[in-house]
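Enquirer: Starting off with a structure, shown below.
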Amino acid sequence: MLSLEERARRYATKAHAACDQRRKYTLEPYIVHPAAVVEIVRSVSPIEEVLAAAWLHDTVEDTGTTLIDIQEHFGPDVATLVAMVTNPEQLPGTNRMHRKRAHFLHTANASHEAQTIKLADIIDNTREILRYDPHFARVYLIEKRIQLAGLQRGNEILKAQAEGIIEQGISQLMMPPYNVPAAWFAALMARYQA
């Protein structure tokens with residue numbers, strides 16, 4: 001009999017492959033991202049439901065999977081964790097800043113376990129962003145800095161790691177060849193926090 005985690009791994013792999021989802025920039029099969037998130041989570045938590053939810057954390061947002069599907073296949077605990085890290089539904093045409101504010105508030109209210117998954121997600125998504133897309137990284141790293149401020153219940157080790165990656169990226173963007181002024185970052189933060 002397969003473990004809960006192994007069933008989640010297989011389900012996520014199939015769901016992301018069914019829509020031929022690929023990682024932005026590298027075009028690798030998308031499952032490399034949930035796999036990385038799981039290993040980051042595993043470094044601080046052996047709880048099988050948390051690891052299963054880490055495998056499944058993007059399935060509701062990015063595939064045809066619903067939270068009902070997750071609950072039917074993996075139970076209410078896993079479904080609750082996935083719901084806590086899934087972007088809340090927004091009206092079509094809602095601007096990015098509004099969507100992100102809603103997501104930050106949503107994850108700020110999540111449980112310790114869900115915030116730990118979100119921290120692992122942030123770590124994996126931010127560690128290479130500057131290399132692949134420095135222009136977008138200016139906005140993305142500030143968004144993640146703001147989101148981290150609300151993740152007070154997540155694992156402290158992962159939070160420190162995520163903060164280090166984000167702050168290092170912002171510092172690099174202020175230096176050549178990017179030369180983004182500190183005032184630019186401060187103005188963007190102010191707009192998000194207004």
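Enquirer: Tell me the carbon and sulfur percent of the accessible area for the chain, rounded to whole percent, probe radius 1.4 Å.
Expert: Carbon and sulfur: 56 percent of the exposed surface of the chain.
Enquirer: Work from the charge dipole of the chain (Cβ charges, +1 for Lys and Arg, -1 for Asp and Glu, about the Cα centre) and give the residue of GLY75, PRO34, ILE122 farthest towards its positive end.
Expert: Result: ILE122.
Enquirer: Could you work out the helix-only [θ] at 222 nm for the chain, with each DSSP H run of four or more residues adding -39,500 (n - 2.57) and the total divided by the number of residues, to the nearest 500 deg cm²/dmol?
Expert: Result for the chain, helices only: -21500 deg cm²/dmol.
Enquirer: Mind listing the Cα extents of region 10-74 along all three principal axes, in Å, largest one first?
Expert: If we take the Cα atoms of region 10-74, the spans are 30, 27, 17 Å.
Enquirer: Continuing with the same structure: What accessible area per residue, rounded to a whole number of Å², is obtained for region 49-174 using a probe radius of 1.4 Å?
Expert: Heavy-atom SASA per residue in region 49-174 reads 45 Å².
Enquirer: What is the ratio of the Cα radius of gyration of region 83-194 to 2.2 N^0.38 Å, with N the residue count, to two decimals?
Expert: Normalised Rg, Cα atoms only: 1.06.
Enquirer: Looking at the chain from every direction and averaging, what is the projected area of its Cα convex hull in nm²?
Expert: 11.2 nm²
Enquirer: How long are the three semi-axes of the equivalent ellipsoid of region 1-109, in whole Å, if each is the root of 5 times an eigenvalue of the C-alpha gyration tensor, listed from largest down?
Expert: Semi-axes (√(5λ), whole Å): 22, 17, 14.
Enquirer: What shape does region 152-194 have by the C-alpha gyration tensor, where a ≥ b ≥ c are the square roots of the eigenvalues, rounded means a/c under 1.5, and otherwise prolate means a/b greater than b/c and oblate the rest?
Expert: Oblate.
Enquirer: In region 112-194, which chymotrypsin sites (Phe, Trp or Tyr not before Pro) are in a loop and have at most 14 other Cβ atoms within 10 Å, using DSSP for the loop call?
Expert: Sparse-neighbourhood loop chymotrypsin sites (Phe, Trp or Tyr not before Pro): TYR178.
Enquirer: Turning to a different aspect of this structure: If I build a Gaussian network model for the chain, linking alpha-carbon pairs within less than 10 angstrom, which residue out of LEU151, LEU141, LEU27 has the largest mean-square fluctuation?
Expert: Top of the fluctuation ranking is LEU27.
Enquirer: Compare the Cα positions of VAL60, HIS135, ALA183 along the charge dipole of the chain (+1 at Cβ of Lys, Arg; -1 at Cβ of Asp, Glu; about the Cα centre) and return the one farthest towards the positive end.
Expert: ALA183
The values are calculated or read from the model by the stated rules, or taken from the named source; none is laboratory data. Remember, predicted model here, so these are calculated numbers, not experimental data. Cβ coordinates were reconstructed from backbone atoms using ideal geometry, including for glycine residues, and neighbour counts include every protein chain displayed. These accessible areas exclude ligands, DNA and RNA; they are computed on the full protein's heavy atoms, side chains included. Shrake-Rupley method; radii C 1.70, N 1.55, O 1.52, S 1.80 Å.
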